[in-house]
Amino acid sequence: MDIFLQQLINGLTLGSVYAVVALGYTMVYGIIQLINFAHGELVMIGAMVAFTLIGVLVPAGMNPLVIVLLATACAIPVCMLIGYAMERLAYRPLRRAPRLAPLITAIGVSIILQHLALLVWSRNNLAFPQIIKTVSYHIGGATITNVQIAIMVMSVVMMAGLALLVYRTRLGTAMRATAQNAQVAGLMGIDINRMIAVTFVLGAALAAVAGVMVGSYYGIAHYQMGALLGMKAFAAAVLGGIGNLPGAMLGGLTLGVVEALGAGYIGDLTGNVFGSNYQDVFAFLVLITVLVFRPSGLLGERVGDRA
Amino acid sequence: MKTMNFAPKIALALLAAAAAFTMSGCGEEKKPEPVKKAEAPPPPSIEIKIGHVGPMTGGIAHLGKDNENGARLAVEEANAAKIKIDGKDAKFVFVGEDDQADPKVGTTVAQKLVDAKVAGVVGHLNSGTSIPASAIYNQANIPVISGAATNPKLTEQGFKNQFRVVGRDDQQGPAIASYMAGDAKPKTVAIIDDATAYGEGLANEVEKTLAAAKIKVLPREKGTDKTTDWKAILTKLKGKKPDAVFYGGMDASGGPLVKQARELGIKVVFAFGDGACTDEMAKLAGDAAEGLLCSQAGLPVAAADKKFLDNYKKKFNADPILYAPFTYDAANLLIEAMKKANSPDPAKYLPELTKIDYKGATGQIAFDDKGDRKDAEMTIFTMKAGKITPVAVIKGGKTTPIADFIAAMSPAAPAAAPAPAAPAPAAEAAKAPEAAKEAPKAEAAKK
Amino acid sequence: MALIGIVLVALPFALSQAGTAWVRITNLAILFTLLALGLNIVVGFAGLLDLGYVAFYAVGAYAYALLASPHFGLHLPFWVILPIGAAVAALFGVLLGAPTLKLRGDYLAIVTLGFGEIVRIFLNNLARPVNITNGPQGITGIDPFSISGVSFAKTDTFMGAMISGPMKYYWFLLVVLVAVIAINLRLQNSRIGRAWEAVREDETAARAMGIDTTQIKLLAFAMGASFGGIAGGLFAAIQGFISPESFVLVESIMVVAMVVLGGMGNIWGVILGALLLSFVPEILRYTVEPLQKAVFGRMIVEPEVLRMLIFGFALVLVMLFRPAGLLPSAVRKRELAERKA
């Protein structure tokens, strides 16, 4: 039982990371039905900027918590700026283009961001300085660290904050109006371009926070780290019902837990014919099964023909 | 109207494409010229191209660049040494290529090097790119020395021009496995790999050795080379209570692995292959890395060749990451064989390379009939205060603690040829065995 | 027409002058053209976004490798295996298509992406408990093509001309390519082709018109997959070694990029896209370094990095200026014109 509890904790932590990245995907998708495949690169840039700042600030001998907060505070505007530039230059001109055109620009933007990061931060795996002392707590035979708790709390706070913004503010109302029908929203006096830009920038800010989280939890950053994480988070967003904020959270957590339980139990359940190597297969099979029975994800609304 | 507008754009695009093509054509045609010049009778200098291939972009680009640096350093040192070959001043030209760790790009760039008439090739990094490329070099009969590809199959295709200076999986695996078995005396061992040709290949050899020693091995666990979250697998292992864990994979995934294991309270010894035998492990895992075991082919570089380390650092403003000493040796081996044969013609110097006996940065190097390193030493390291530190040398299945190894060999030290300055006493001593071996051979060579 | 034919047949001789590497690059470009044409059936004709297309390529490659290598000791001739590879790939196409019929747009995209990953993970892990694929170690020593004793792997001299291995493969690939283009052209204007178009434009309306959408979609998946399978078999033979690392997600995305960049739905556009995306990175490989040295006198940005940066910018710019692809299909062109109006 303690093993099971531990696997749940592992899964929830990993799921929280997926969830925060998935929020970014889902927001952008919700408003303009675009999968921003370069979103993972924003996470990477966030981690890299934080890495540089932490490297600069640690010798100054500040409180570790202050350093991490400062690093995050710097990563956010950098990512926001890139997110804005991305939308303005690569996506906005294509808003009326065939659906797959922005997909290709997104791939292009991904390649560009990765290799710019390579130039700035080298090809090496960058080891995040281990500044926050890891403290472990024991609950019912399982271990949970302060960093894990922080990640889970952060992701919930961010989702809640985002939900508040979208459902309780004027800005959020305008965003939702744009999402529902951009043309009509425009007629109502909403600056659609601004709304879409705001969405991108908000998504980018989330990506920056996710980057700092991933970097400091796993202690490593690499210029290609965004690709895999982005793919998993995209899967999480779809699982939960893309375009739906609580769905992204639910999808992320579900994917994380499924992966952890998959790695933990497939081997024993199949007499070791399959093992942890099939962890991703297991995760994708769960995704496919869910989509076969609920073609718009766990919390998604029925969408029309968009292909 | 609309379509009319596009016409000039298309024309422009075509023009650009045409320009690109002609440019590429020019670049190509220019290349063979120097070689032709070299063939002409009496020019005072001779240009010799040495190729290097490794991934310069992609997930393990940092290792590819490290490899390239090693080979580049050797080539530049050779140029500085003003070597004469066939009575002419040899001018070595370094030709670096990026195979993106992608097998299909690997064959393309291999062909590109063959087209450019390189005299020899150092590389590739991955077994996955080395194996398909080897067939192309073999057809052109160009000697290739890999400094990093460990898959046994590479040298078992019967290619006479294929060599490697790094330990094969089936040389390194038994070494680290038997040391781990002797050191930790485990009853049960868990083996994890990263599901790559390297990680899995090495893990399989470790498993074979452990099974032969009647040690129980748990069902294999696998992540990927990009895995950073190992907690699920580690939690499962924790329930099975192994006495030791071996991981076949690189430091980028191995660091987080050992860090998370300690966080989960798994206290047993962790062992790794050369891919994770770097100081990087301590940076990635912090204190959790202390006490880990790992192996490298050859002798510890820090001990074998301090000069290489210093020069590398001076030139590239960084420490070598992993295989740079091996690619450095590989490039030097090519140059050395050319010197011995007094010719950069692969047909002439290949026989010299086959029977070479050379003291490199990673120890004494000679090749067996497959092209693998003959009777290679394996060094076992442990992590001590954030640095990997040699603890034992394994040769021919015999384990010698590093202190004994040094002590046994030091009396022979005075016979050494003038060796580069090496401040650490251990370094000095460890160099002694080579020097001792080298001495008689050097004399023989003089004749 | 005849002139183009002569040029295409004689091309490898010209390319060999620039280096045999160019013949190899051309061969890979043709392989990717085959892939792009296969994917075009699924994405361009039937409008189903498939991000896991490389799975079929992998299936074809492994079918060839397992039936013609020392791994199982089987050495069947290529003209037996290529159809088998195509059939197995088609079967996988149906396997993917069947459970995903209800899915649309981006949901389909993620499921196909997952499918591609699942196939790759299986190939990577089916080495134990029973060794089928030899796992990440890959399969070595795959037989090259040979026709009546003439091996495609070796260089021969024919009437005084050096015929290298890659050149032989080039001619074979050219024949396959011409056949595939012919099939595609026929398909596009056939009953099936029009049915695909109908499904792409409006599935509900298509069904109302009496089209069996289930069958027609599965047919698209199967046909697209079979081309991928043939390309895979050819790849295995040319390389002589395959391992799962050749069949990663990035390859799928590159093929999608070829289709979209060229102009999905338009066969000639897709061919153009595939050739451009195959050749441009290689041309950059040859030109970036000398160009930088010529302009700045020294290397400012490492050539490998600059090559990737230029490639990324090229993708973005082409899409910004030609959103429907370089050679858009007639339908798309019309749509775009309407929207702009």
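The values are calculated or read from the model by the stated rules, or taken from the named source; none is laboratory data. Predicted model only: the values in this text are computed from it and were never measured. With ideal geometry, Cβ positions are generated from the backbone for all residues, glycine too; neighbour counts draw on all protein chains shown. Only protein heavy atoms, including side chains, enter the accessible area calculation; ligands, DNA and RNA are left aside. Shrake-Rupley method; radii C 1.70, N 1.55, O 1.52, S 1.80 Å.
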If every Lys and Arg gets +1 and every Asp and Glu gets -1 at its Cβ, then about the Cα centre region C:12-247 yields a dipole, in debye to the nearest 20, of 180
Antiparallel bridges, percent of DSSP beta bridges restricted to the protein assembly as shown (to nearest 5): 55
Residues whose modelled amide H sits under 5 Å from the amide H of residue C:127, counting only those 5 or more places away in sequence or on another chain, are C:132, C:133, C:135
If I build a Gaussian network model for chain C, linking alpha-carbon pairs within less than 10 angstrom, which residue out of C:168, C:293, C:154 has the largest mean-square fluctuation? C:293
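Pairs B:185/B:307; B:112/B:387; B:222/B:387; B:259/B:398; B:359/B:387; B:236/B:395: which exceed 30 Å Cα-Cα? Write out the running numbers ahead of the final one.
On the way: B:185/B:307 38 Å; B:112/B:387 40 Å; B:222/B:387 27 Å; B:259/B:398 32 Å; B:359/B:387 25 Å; B:236/B:395 36 Å.
Among B:185/B:307; B:112/B:387; B:222/B:387; B:259/B:398; B:359/B:387; B:236/B:395, the Cα-Cα distance tops 30 Å for B:185/B:307; B:112/B:387; B:259/B:398; B:236/B:395.
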Calculated FRET efficiency, residue C:2 and residue B:156, Cβ-Cβ r, R0 60 Å, to nearest 0.05? 0.75
So what does residue B:66 come to for accessible area, using a 1.4 Å probe and Å² rounded to 10? 0
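Quick one: net charge around residue C:136, please, counting Lys, Arg +1 and Asp, Glu -1 for every other residue with C-beta under 11 Å from its C-beta. Walk me through the numbers on the way to the answer.
Numbers: positive: B:222, C:120; negative: B:193, B:194, B:200, B:225, C:245.
Around residue C:136, the charge tally is -3.
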Of the residues A:11, B:85, A:186, the Cα lying farthest along the dipole of the protein assembly as shown towards its positive end, which is defined by charges on the beta carbon of Lys, Arg, Asp and Glu, belongs to A:186
On full extension of the chain, what length is gained from residue C:17 through residue C:191, given 0.36 nm per residue of separation minus the C-alpha to C-alpha distance? 58.1 nm
Give the aspartates and glutamates whose C-alpha is closer than 15 Å to that of residue B:238, dropping any in the same chain fewer than 8 places away, or say none. A:2, A:268, B:221, B:263
Keeping all protein chains in place and using 1.4 angstrom, which order do C:200, B:262 fall into by accessible surface area, from largest down? B:262, C:200
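Taking only DSSP H segments of four or more residues, each worth -39500 (n - 2.57), what value at 222 nm results for chain C once the sum is divided by all its residues, to the nearest 500 deg cm²/dmol? The partial results should precede the final answer.
Details: 13 runs with 235 residues, N = 341.
Mean residue ellipticity, 222 nm, calculated: -23500 deg cm²/dmol.
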Would you mind checking which residues have amide H under 5 Å from residue B:392's amide H? H placed 1.01 Å from N; only 5 or more apart, or other chain. B:380, B:402
Under a 10 Å cutoff between Cα atoms, tell me which one of A:93, A:129, A:102 has the largest fluctuation in the Gaussian network model of chain A. A:93
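Could you order C:209, A:80 so the one with the most accessible surface comes first? Probe is 1.4 Å. Numbers along the way, then the final one.
Numbers: C:209 155, A:80 60 Å².
Result, largest first: C:209, A:80.
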Between residue C:80 and residue B:374, what FRET efficiency comes out of the Förster formula 1/(1 + (r/R0)^6) with R0 = 51 Å and r the beta carbon distance, rounded to 0.05? 0.70
Measure out, as a whole number of angstrom, how far apart the alpha-carbon centroids of region B:219-241 and region A:1-59 sit. 21
Residue A:231 - accessible surface, heavy atoms, 1.4 Å probe, Å² rounded to 10: 20
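First measure r as the distance between the Cβ atoms of residue A:183 and residue B:241, then evaluate 1/(1 + (r/R0)^6) with R0 = 51 Å and state the FRET efficiency to the nearest 0.05. Provide the component values of the computation, followed by the final result.
Details: r = 64 Å, r/R0 = 1.25.
The calculated FRET efficiency here is 0.20.
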Tell me which of A:211, A:223, A:82 sits at the most positive position along the dipole axis of region A:2-293, charges placed on C-beta atoms (Lys, Arg +1; Asp, Glu -1). A:82
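Could you work out the local net charge near residue C:35, counting Lys and Arg as +1, Asp and Glu as -1, over the other residues with Cβ closer than 13 Å to its Cβ?
Numbers: positive: B:104; negative: C:50, C:251.
Once all neighbours under 13 Å are counted, the net charge is -1.
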So what is the calculated 222 nm ellipticity per residue for chain A, using -39500 (n - 2.57) for each DSSP H run with n of 4 or more, over all residues, to the nearest 500 deg cm²/dmol? -24500 deg cm²/dmol
Starting from the Cα-Cα distance between residue B:80 and residue B:185, subtract it from 0.36 nm times their residue separation and give me the gain in nm to one decimal. 32.7 nm
Residue with peak Gaussian network fluctuation, chain A [Cα springs, cutoff 10 Å], from A:267, A:55, A:189: A:189
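Taking each full run of DSSP H in chain A as one helix, which ones are at least 20 Å long along their axis (Cα atoms) and have mean Kyte-Doolittle hydropathy of at least 0.5? Each step should come with its number before you reach the end.
On the way: long enough: A:2-32 (44 Å, 1.30); A:39-57 (27 Å, 1.82); A:64-86 (32 Å, 2.25); A:101-121 (30 Å, 1.89); A:146-168 (32 Å, 1.76); A:192-218 (39 Å, 1.54); A:225-240 (23 Å, 1.63); A:245-269 (35 Å, 1.18); A:279-293 (22 Å, 2.35).
Within chain A the helices that satisfy the rule are A:2-32, A:39-57, A:64-86, A:101-121, A:146-168, A:192-218, A:225-240, A:245-269, A:279-293.
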Mind ranking A:95, B:373 by accessible surface for me, highest first, 1.4 Å probe? A:95, B:373
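With +1 on each Lys and Arg Cβ and -1 on each Asp and Glu Cβ, and nothing else charged, work out how big the dipole of the protein assembly as shown is about its Cα centre, in Debye to the nearest 20.
Working: 97 positive and 81 negative charges, 307 e Å.
Magnitude of the dipole: close to 1480 debye.
Please get the size of the charge dipole for region A:2-293, origin at its Cα centre, with Cβ charges of +1 on Lys and Arg and -1 on Asp and Glu, quoted in debye to the nearest 20. If you can, show how the numbers build up before the last one.
On the way: 12 positive and 7 negative charges, 183 e Å.
My answer is approximately 880 debye.
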Taking a probe of 1.4 angstrom, what is the accessible area of residue B:368 in Å², to the nearest 10? 50
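Helix by helix, which DSSP H runs in chain C go 18 Å or more along their axis at the Cα atoms and have an average Kyte-Doolittle hydropathy of 0.0 or more? Let's see the in-between values first.
Values: long enough: C:2-18 (24 Å, 2.14); C:20-40 (30 Å, 1.40); C:54-67 (20 Å, 1.68); C:78-97 (28 Å, 2.29); C:105-125 (30 Å, 0.90); C:165-188 (34 Å, 1.34); C:213-239 (39 Å, 1.14); C:249-262 (20 Å, 2.43); C:267-296 (41 Å, 1.19); C:303-321 (26 Å, 2.11).
Result, helices passing both filters: C:2-18, C:20-40, C:54-67, C:78-97, C:105-125, C:165-188, C:213-239, C:249-262, C:267-296, C:303-321.
If Lys and Arg each add +1 and Asp and Glu each add -1, what is the summed charge of the other residues whose beta carbon sits under 13 Å from the beta carbon of residue A:175? The partial results should precede the final answer.
Values: positive: A:168, A:170, A:176, A:194; negative: A:191.
That works out to +3.
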